[in-house]
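The structure appears right after this line, and notes come after that.
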Amino acid sequence: MSTENNNNNRGSCVYDVLFDVSLTAVALTFGWKYLYNSLMYKILDINLTKLEKSVQLPISDLRSFAAASESGSDNPLVVVRGFIKPLSSDSPPIISQCSGMEGVLLERIQTSKLNTSNMFMNLLSSLTRQTIQTVDKVPFVLVQKGSSDSVVINMNEYQHKIVDLTQVYNQVQPTIIKFLGLDFSGVKHVEEKMLLVGKEIIAFGNVFVSKDGVVEIKHCRDFNYFLSRDRSIGAMQLDFIWKMFELNCCKKIYGYSLIILLICIIFSRRNRLRWEACFNCLKHKWQVWKQYNRKNNVDSEESIE
């Protein structure tokens with residue numbers, strides 16, 4: 001009897017531990033999702049505020065605006081529209097070997113993976129996946145339409161997420177992949193994106209004058225965009241507002257779910273002791289009743305004999 005009770009107690013303890021661990025894991029997931037959505041909401045709110053306070057200027061007015069901004073404490077977001085042109089003849093445009101198009105920035109992504117169809121080979125494909133990303137760029141400026149005025153685009157803090165590139169090549173080719181000394185049939189996916197020469201783009205950033213007296217515009221660290229092809233300010237504001245609405249809804253869902261889950265955890269911990277006491281009481285009564293019936297059966301058999 002004692003061995004059976006010990007086994008039951010061990011099983012109950014294991015069940016309690018697994019139950020607590022699973023609830024804690026779900027609560028941590030909800031908490032992380034809530035914090036992540038809150039952080040993204042705050043970032044988008046900062047972006048929207050900067051966009052609403054942004055200044056749209058022609059390239060010809062940037063020098064005077066940069067001088068006024070340096071004398072003041074505030075450096076607002078500036079929106080400039082112009083056409084892409086290499087900085088000088090000493091920095092000729094980049095020519096894509098695949099498409100033959102010219103640009104001032106070329107991003108090439110080459111991914112090689114196994115050509116698989118079953119689950120095991122898919123796992124092997126993820127282990128043998130090779131991705132090579134290269135970025136080539138030359139100095140360039142934005143030129144105002146119908147004028148010789150230009151502004152240098154500072155690309156020192158280039159990130160592919162903040163620049164709207166044009167896809168110029170996208171091709172999948174068969175290839176051979178070596179893994180553990182063996183040859184496997186695979187595919188090579190080559191994708192090229194460029195900032196094309198002569199393309200009209202919109203730059204969102206901070207304007208400043210370099211030590212050489214050149215007017216430059218660089219990426220604003222608190223803003224998610226830098227160079228965009230066709231995004232107007234109105235469309236960008238609607239995009240921010242919609243994303244903030246989605247994040248706010250997700251934040252509320254995860255927040256309320258987390259509160260409800262924490263309440264359930266607290267009440268389950270309190271009521272678990274009561275349920276265990278009731279269960280043990282019923283179990284004891286059941287065992288006493290079984291022993292009583294067994295004793296009555298034995299007495300009735302003895303009286304019959």
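Just so you know, all these numbers are worked out from the coordinates, no wet-lab data involved. The structure displayed is predicted, hence computed values, not measured ones. Methodologically, a virtual Cβ is constructed for each residue, glycine included, from the backbone with ideal geometry; neighbour enumeration extends over all protein chains shown.
Okay, here's what the table says:
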item: THR111-ASN156 FRET efficiency (beta carbon distance; Förster radius 22 Å; 0.05 resolution); result: 0.20
item: Whole-Hz couplings from phi, Karplus 6.51/-1.76/1.60, listed for region 198-203; x for Gly and Pro; result: x, 7, 7, 9, 10, 10
item: Burial ordering of HIS189, HIS219, HIS284, fewest other beta-carbon atoms within 10 Å first; result: HIS284, HIS189, HIS219
item: Region 167-262 shape via C-alpha gyration tensor axes, a/c threshold 1.5; result: oblate
item: Cross-link reach list, lysines versus LYS285, counting only Cα pairs under 22 Å and skipping chain neighbours closer than eight places; result: LYS295
item: FRET E, pair VAL190, LYS243, Förster distance 25 Å, beta-carbon r, rounded to 0.05; result: 0.20
item: Violating pairs (Cα-Cα greater than 26 angstrom) within the set LYS193/LYS218; LYS85/LYS113; LYS137/LYS161; LYS42/LYS252; result: LYS85/LYS113
item: ³J(HN,Hα) computed for each position of region 80-95 - Karplus, 6.51 cos²θ - 1.76 cosθ + 1.60, integer Hz, glycine/proline x; result: 10, 10, x, 10, 6, 8, x, 4, 7, 6, 6, 10, x, x, 7, 10
